[in-house]
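Q: Pasting in a structure now, in structure tokens, and then I'll have a few things to ask.
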Amino acid sequence: MAVAKKSRCWWFVQLIENLPDDWADQLHGLMLPGCYIVHDRDLKIEEDGTEVPKKPHIHCMVEFGSPVVASSALDAIPSDFGVAFVKPVPNKVGAYRYLLHYDQPDKARYEQDEVSHMAGFRVNISNVYNIDFRDVYDLINELKITNFAALMSVLVEFRPEYVDYVSSHVNLVKAYMTDLARCGI
């Protein structure tokens with residue numbers, strides 16, 4: 001007997017024209033952590049080779065407190081959305097990158113502020129953008145930042161994609177900045 005696949009995260013795609021007018025409110029009303037984006041700049045190639053716009057559609061990811069089967073995930077989506085199936089999300093960071101078309105140079109690029117988060121959904125944005133210590137190192141040295149508070153102010157204001165990395169590597173970043181100050185560089 002086959003065991004049904006379970007996953008904590010599931011996602012679906014649906015054309016905007018097939019959704020009710022209040023679809024965004026309904027998604028937020030689910031009170032499930034998740035996120036969605038409207039893809040309205042995607043193109044497709046017709047049989048004659050011409051590029052034409054794809055119909056606007058949403059990609060939506062929902063996250064459950066524990067692994068659930070597809071039918072349970074599908075049951076959580078409002079029936080008037082007309083969603084026929086959901087797919088498991090094997091990697092939340094990779095799925096988020098797809099929402100942005102981050103690794104899709106042949107597709108329209110979307111920005112992080114175009115993604116709507118629901119009910120406390122979290123993804124490590126530094127991982128989404130592949131931020132590591134080299135990026136923080138370059139920024140500190142380029143801007144000659146001398147203290148941690150100044151660094152965090154710059155990050156929150158101008159480089160929010162760095163915040164998750166620095167927040168989870170505070171000791172490393174502070175130690176580097178302290179040693180840099182001691183050397184007088």
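Q: Ignoring ligands, DNA and RNA, what percent of the 1.4 Å accessible area of the chain is carbon and sulfur?
A: The computed percentage sits at 53.
Q: When the solvent-accessible surface of protein heavy atoms is calculated with a 1.4 angstrom probe, in what order do Phe81, Phe148, Phe158, Phe64 fall, highest first?
A: Phe158, Phe148, Phe64, Phe81
Q: A follow-up question, please. Val166: net charge of surrounding residues, Cβ under 12 Å, Lys/Arg +1, Asp/Glu -1, itself excluded?
A: Charge balance near Val166 sits at -2.
Q: Cβ under 10 Å from Ala70's Cβ, Ala70 left aside: what net charge do those residues give with Lys, Arg +1 and Asp, Glu -1?
A: +2
Q: Which values of log₁₀ I(q)/I(0), to two decimal places, follow from the Debye formula for the chain at q = 0.11, 0.14, 0.19 Å⁻¹ with a uniform point scatterer at every Cα?
A: These q points yield log10 I(q)/I(0) values of -0.63, -0.88, -1.23.
Q: With the crude spin-label approximation of a point 7 Å out along Cα→Cβ, what separation in nm comes out for Arg182 versus Val52?
A: 6.7
Q: Once the piece of chain linking Leu43 and Lys6 is laid out straight, how much longer is it, given 0.36 nm per residue of separation minus the C-alpha distance between them?
A: Result for the pair: 10.0 nm of gain on full extension.
Q: Whole number in Å², please: accessible area per residue of the range 84-185, 1.4 Å probe, ligands, DNA and RNA not counted.
A: Each residue of the range 84-185 exposes 60 Å² on average to a 1.4 Å probe.
Q: Let me ask another. Step through the table entries Lys5/Lys174; Lys92/Lys144; Lys6/Lys107; Lys107/Lys174, compare each Cα-Cα distance with 32 Å, and write down the pairs that go over it.
A: Beyond 32 Å between Cα atoms: Lys5/Lys174; Lys92/Lys144; Lys107/Lys174.
The values are calculated or read from the model by the stated rules, or taken from the named source; none is laboratory data. Source: prediction; values computed, not measured. With ideal geometry, Cβ positions are generated from the backbone for all residues, glycine too; neighbour counts draw on all protein chains shown. Side chains are part of the model used for accessible areas, which takes the heavy atoms of the whole protein and leaves out ligands, DNA and RNA. Shrake-Rupley method; radii C 1.70, N 1.55, O 1.52, S 1.80 Å.
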